[in-house]
Structures are given as C-alpha cells and as structure tokens.
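Asks: Structure below; questions to follow.
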Amino acid sequence: MLSLVNVETYYGNIHALKGININISEGEIIALIGANGAGKSTTLMSISGIISPRQGKIIYMDREIHTLSPDVIVSLGISQVPEGRHIFPDLTVLENLQMGAFLRIDKKEIKKDLEYIFDLFPILTQRRNQAGGTLSGGEQQMLAISRALMARPRLLLLDEPSLGLAPIVVKQIFETIRKINAKHKTTVFLVEQNANLALRLADRGYVMENGEIVLEDSSGNLLSNDKVRKAYLGI
Ligand code: ATP
C-alpha cells in the first residue's frame with residue numbers, strides 16, 4: 001500500500017531523514033519507535049506532504065505522492081493525526097468533525113460516519129456542542145482521531161497518541177485504534193515513544209535512530225530483542 005524508498009528529508013541544513021525505507025501493506029498496524037528527535041514525526045509529515053523529501057520516493061497505491069500537496073494526499077485516503085492533536089479550539093466538537101470531512105461531498109455517508117464516530121467515542125456525543133478547546137486532553141485526542149476518520153482514510157497516520165494522557169485513557173484510545181483497524185481494514189501507521197504500548201498493538205515495527213531505520217521486525221520479535229528491551233522498553 002505504501003512504500004518509502006530512500007527518503008531523505010531536510011529542514012534547511014538539518015538532515016532529518018537519511019534515506020529511509022518503509023513498506024506497509026493494506027490492513028496492517030505498523031509502529032515506528034525511537035527516541036526524541038530520531039525523525040519519527042518527520043517521517044509522517046513527509047508522507048502527508050507537509051514537508052517534501054529532497055530525495056527518494058513515496059509510493060501509495062502505485063502512485064508517487066512525494067510531490068503532491070497535503071490536500072491532494074488527504075483526498076487519496078491518507079489522514080494524519082498530528083502530535084499535540086491540533087484540534088480547532090474555538091469550534092465545537094461537531095464543527096471539528098465536519099472540518100475533517102471538508103473535502104467530501106457525500107452528505108449521507110458523512111452522516112453515517114458521524115454516527116460511527118459517536119459510537120466509537122460516546123463521550124464525544126455528550127460534548128458535541130462544546131468548544132474543542134474546553135475538552136480534556138484525552139477527549140481532544142479522541143476528537144483529533146475522529147476528525148481524521150471523517151476523511152474516510154484508508155491509511156491513518158498517528159503521531160504519539162499516548163502523549164500526556166492517563167494510562168486508562170491511553171488504554172481506551174489504543175483499544176479503539178484496534179477496532180478502527182478491524183472494522184474497515186483501515187491501515188494504521190503509529191509513531192510512539194511508548195514502545196511497549198505501540199508494539200503490543202502493532203503487527204510489525206520499525207526502530208529509528210538519528211534519521212535512519214536501524215531495525216525492522218515483527219512486533220513479537222522486537223519486544224524480545226535485547227537492544228530494543230534495553231533502549232526502549234527499560235528492561
Ligand atoms: P519527538 O519524539 O521528540 O517528537 P521525532 O522522532 O518525531 O521526535 P522529529 O520531530 O522528526 O523527531 O525531528 C527530527 C530532527 O529534525 C530533529 O533533529 C529535530 O530537531 C529536527 N527538526 C524537526 N522539526 C524541525 C524544524 N521545523 N526545523 C528544524 N529542525 C527540525
């Protein structure tokens with residue numbers, strides 16, 4: 001479904017991605033783990049077109065997307081939930097969700113998707129007329145994921161969904177990510193500093209250090225890999 005081929009991304013002179021290769025098949029949940037500053041967010045932003053790679057290719061469903069703009073990439077079925085959520089604080093929950101469907105014209109299906117989302121996260125139903133900025137951190141994360149789902153993505157990019165949230169909320173969000181993947185075969189590419197949590201959810205994982213992929217394997221193998229256990233699982 002998605003291939004990154006020797007992708008190199010820069011911020012001015014800063015060489016953030018140094019020729020990375022990642023392959024994701026439809027229906028998979030893939031985790032990308034690594035320390036602060038390893039290049040995880042840059043990887044997601046390179047896929048979603050927020051920052052363009054200087055070298056290499058990104059191929060999605062047989063189409064090169066690394067030269068396309070973010071709105072076109074969304075319309076092709078890739079949605080990103082950014083680190084820190086970035087919901088619209090002054091818009092209501094419902095308006096935030098409607099913004100996620102901005103590029104769609106199928107009104108009936110949008111209504112169905114709203115019902116699906118309110119079923120996934122019942123708390124958002126209660127909060128539907130409340131300003132997004134007044135929600136708790138966990139509720140904002142649920143809203144950010146839901147807003148991305150309103151674009152009906154085939155590939156969902158999640159950047160640190162557990163960041164700053166209480167363990168019980170994280171558990172709920174991760175269970176819902178699993179449900180989203182199971183129900184519509186939505187492919188999930190998950191960036192997390194919480195390696196343990198991410199690898200328990202994912203089928204496979206990639207480990208990133210200093211802008212390079214240094215390991216890739218099944219989640220089970222990564223969870224029992226000595227280097228991963230020492231560096232990322234604190235065992
Ligand atoms: P974190 O887990 O802390 O979010 P990360 O693995 O997602 O880290 P990135 O945010 O992708 O890492 O950063 C990769 C490198 O690029 C880092 O060295 C970072 O300082 C640098 N970088 C990121 N954004 C910018 C920017 N806007 N301008 C300049 N350098 C940047």
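Asks: For the pair LYS107 and VAL214, what calculated FRET efficiency results from E = 1/(1 + (r/R0)^6), where r is the Cβ-Cβ distance and R0 = 45 Å, to the nearest 0.05?
Replies: On the way: r = 47 Å, r/R0 = 1.04.
For VAL214 and LYS107, the calculated efficiency is 0.45.
Asks: Around ARG127, which amide H atoms from residues at least 5 apart in sequence, or from another chain, sit under 5 Å from its own amide H, with H modelled in the peptide plane?
Replies: The answer is none.
Asks: Still on this structure: Per DSSP helix of 4 or more residues, -39500 (n - 2.57); summed, then divided by the residues of the chain. What does that give at 222 nm, rounded to the nearest 500?
Replies: -11000 deg cm²/dmol
Asks: Another question about this same structure. Kindly state, to the nearest 0.05, the FRET efficiency for LEU76 paired with GLU26, given R0 = 22 Å and r defined as their beta-carbon distance.
Replies: Numbers: r = 14 Å, r/R0 = 0.62.
E(calc), rounded to 0.05, equals 0.95.
Asks: Which value, in Å² and to the nearest 10, is the accessible area of TYR11 when all protein chains are kept and the probe is 1.4 Å?
Replies: Spelled out: TYR11, probe radius 1.4 Å, area about 90 Å².
Asks: Can you list the residues, at least 5 places off or on another chain, whose amide H is less than 5 Å from the amide H of ILE213, using H built in the peptide plane?
Replies: Long-range HN contacts for ILE213: ASN21.
Asks: Hey, which of these cross-link pairs are over 31 Å Cα-Cα: LYS108/LYS179; LYS183/LYS227; LYS40/LYS107; LYS40/LYS171; LYS108/LYS185; LYS171/LYS230? Don't skip to the answer; put the middle values down first.
Replies: Details: LYS108/LYS179 23 Å; LYS183/LYS227 34 Å; LYS40/LYS107 35 Å; LYS40/LYS171 22 Å; LYS108/LYS185 21 Å; LYS171/LYS230 24 Å.
Violating the 31 Å Cα-Cα cut-off are LYS183/LYS227; LYS40/LYS107.
Asks: Place +1 on the Cβ of every Lys and Arg and -1 on the Cβ of every Asp and Glu in region 2-232, take the dipole about the Cα centre, and give the residue among GLY27, LEU157, ASN196 whose Cα lies farthest towards its positive end.
Replies: The Cα lying farthest towards the positive end belongs to GLY27.
Asks: What is the percent carbon and sulfur in the accessible area of region 2-232, measuring with a 1.4 Å probe over the protein chains and ignoring ligands? Write out the running numbers ahead of the final one.
Replies: Details: 5490 of 10920 Å².
Answer for region 2-232: carbon and sulfur cover 50 percent of the accessible area.
Asks: List the residues of region 49-91 whose backbone N lies under 18 Å from a point placed 7 Å from the Cα of HIS184 along the Cα-to-Cβ direction.
Replies: Counting backbone N atoms under 18 Å from the label point, the list is 61, 71-82.
Asks: Taking the Cα centre of the chain as origin, work out the dipole magnitude from +1 charges on Lys and Arg Cβ and -1 charges on Asp and Glu Cβ, in debye rounded to 20.
Replies: The calculated dipole for the chain is roughly 400 debye.
Asks: Would you mind telling me the antiparallel percentage of the DSSP bridges in the chain, rounded to 5?
Replies: Around 55 percent of the beta bridges assigned by DSSP in the chain are antiparallel ones.
Asks: Here's another thing I want to ask about it. Along the charge dipole of the chain, Cβ charges K/R +1 and D/E -1, which of GLY77, TYR11, ILE50 sits furthest on the positive end?
Replies: Value computed over the given set: GLY77.
Asks: Same structure, new question: Relative to the present Cα-Cα distance, how much length would full extension add between GLN172 and ASP62 at 0.36 nm per residue of separation? Could you put the intermediate results ahead of the total?
Replies: On the way: separation 110, 0.36 × 110 = 39.60 nm, distance 3.44 nm.
Separation in residues times 0.36 nm, less the Cα-Cα distance, equals 36.2 nm.
Asks: What does the accessible area per residue of the chain come to in Å², with a 1.4 Å probe and no ligands, DNA or RNA counted?
Replies: Numbers: 11180 Å² over 235 residues.
Result: 48 Å² of accessible area for each residue.
Asks: Collect residues whose amide H, placed 1.01 Å from N in the peptide plane, falls under 5 Å from the amide H of ILE51; neighbours closer than 5 in sequence don't count.
Replies: Under 5 Å from the amide H of ILE51: SER46.
Asks: Using the basic label-point model (7 angstrom from Cα toward the beta carbon), what is the ASP119 to ALA131 distance in nanometres?
Replies: Rounded to a tenth, the inter-label distance reads 3.3 nm.
Asks: Now for a different question. Magnitude of the Cβ-charge dipole of region 41-168, K/R +1 and D/E -1, about the Cα centre, nearest 20 debye?
Replies: With only Lys, Arg, Asp and Glu charged at Cβ, the dipole is about 260 debye.
The values are calculated or read from the model by the stated rules, or taken from the named source; none is laboratory data. In this text, all values refer to a predicted model and were calculated from it rather than measured experimentally. Backbone-built Cβ (ideal geometry, glycine too); neighbour counts: all protein chains shown. Ligands, DNA and RNA are stripped out before the accessible areas are found, and what is left, the full protein with its side chains, is counted by its heavy atoms. Shrake-Rupley method; radii C 1.70, N 1.55, O 1.52, S 1.80 Å.
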